[in-house]
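Worksheet: one structure, shown below.
The values are calculated or read from the model by the stated rules, or taken from the named source; none is laboratory data. Predicted model, so just to flag it, every value in this text is computed and none were measured. Note that we place each Cβ from the backbone using ideal geometry, even for glycine, and neighbour counts take in every protein chain shown. Please note that ligands, DNA and RNA were not included when accessible areas were found on the heavy atoms of the full protein model with its side chains. Shrake-Rupley method; radii C 1.70, N 1.55, O 1.52, S 1.80 Å.
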Amino acid sequence: MSTFQNTTTSSIVFLLTGVPGLEAFHTWISIPFCFLYITAFSGNSLILFVIVTQPSLHEPMYYFLSMLSTTDLGLSISTLITMLGIFWFNAREISFNACSSQMFFIQLFTVMESSVLLAMAFDRFVAISNPLRYASILTDLKIAQIGVAIITRGTLILTPMVLLLKRLSFCHSHVLHHSYCFHPDVMKLSCTDTRINSAVGLIALITTAGVDSVFIILSYLLIIKTVFSIASPEERKKAFSTCISHVGAVAVFYIPLISLSFVHRFGKQAPPYVHTLIANAYLLLPPVMNPIIYSVKTKQIRRAVLKVLPSATKD
């Protein structure tokens, strides 16, 4: 294992890791990753295109979906260069400042995705519990304000967490365990006290994904209560069907996130490739799966996509 002399954070260079033990096969491993990135970019871009171009989708639910797709695109872009750089060119080096920037944007888009999922849960609750006032409650101005609040919230919570890394010293190994910069991964390399950083990171996690998950569950409890008060079985089924896509999006976001957190805290004896697979699933699964889920399970999106694709083919 390489050792380094302690130096200023601005001059530190970290080494990213691909798939441990399979370095000789990185070129082949890049093929499925490229496919996943292409799927994520094309799927989310298509969702954004149909929402912008189809007047029938200019409704609160689809505005929030466009926020989700934008967030997924940002999350994919944040890891694209380093991940494919490792697989194609063995470009493992990343400076501290570049690492901090990547870490910030990965965390920011993750927090934004969690916040958008919460906003979408609130949207479904209003649509089901108070359909007559749905349009008057979720106006275009209100949705824009929610979007600004989501970005502001993530920035204010995450900025201190990233800035506090500058106080740390890195005097031993600089080898990270992922193909991108991840906050707990960087902290583990420090040879100074990281209790403040850990506390701030934990507070950031609790006040974002933790709080959001609680309110998402609460929203669905209220939705279930409202749906069961509906007399008609057909109306109940219709109400539940509008939530299926959102439940799927919540699952593909929170399951990898929780798995990665558990592996980092309690899976020290797990094989290295387990960390790698979960870490990549955590960032790639939502951008890949969300467009598929909404295209398959949401009739209006499916119709809009089918309407746009033939015209694109003719052109």
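Key figures
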quantity	calculated
Scaled radius of gyration (Cα, divided by 2.2 N^0.38 Å) that the chain gives	1.09
Separation in nanometres of the label points that stand 7 Å from Cα toward Cβ, at residue 130 and residue 241	2.6
Phi to ³J(HN,Hα) by Karplus 6.51 cos²θ - 1.76 cosθ + 1.60 over segment 90-102, Hz, x for Gly, Pro	6, 7, 8, 6, 8, 6, 4, 5, 5, 5, 4, 5, 4
Net lengthening on full extension, residue 266/residue 58 (0.36 nm per residue, minus Cα-Cα)	70.4 nm
Centre separation in Å (Cα based) which lies between segment 88-133 and segment 183-237	13
For the chain: accessible area per residue (Å², 1.4 Å)	50
The chain: calculated mean residue ellipticity at 222 nm from DSSP helix runs of at least 4, using -39500 (n - 2.57)	-25000 deg cm²/dmol
Sequence of 71, 159 from largest to smallest accessible area, 1.4 Å probe	159, 71
Placed amide H near residue 175: partners under 5 Å, 5+ positions off or other chain	15
Within the accessible area of the chain (1.4 Å probe), percent carbon and sulfur	71
Between segment 49-71 and segment 273-302, the Cα center-to-center distance that results, in Å	18
When each of 225/297; 142/307; 142/237 is checked by Cα-Cα distance, pairs over 26 Å	142/307; 142/237
Note, ³J(HN,Hα) from phi for segment 79-88, Karplus 6.51, -1.76, 1.60, rounded to Hz, x at Gly and Pro	10, 4, 5, 5, 5, 6, x, 5, 5, 8
In Hz, Karplus ³J(HN,Hα) per residue of segment 30-36 (6.51, -1.76, 1.60; θ = phi - 60°; x = Gly, Pro)	5, 4, x, 5, 4, 4, 5
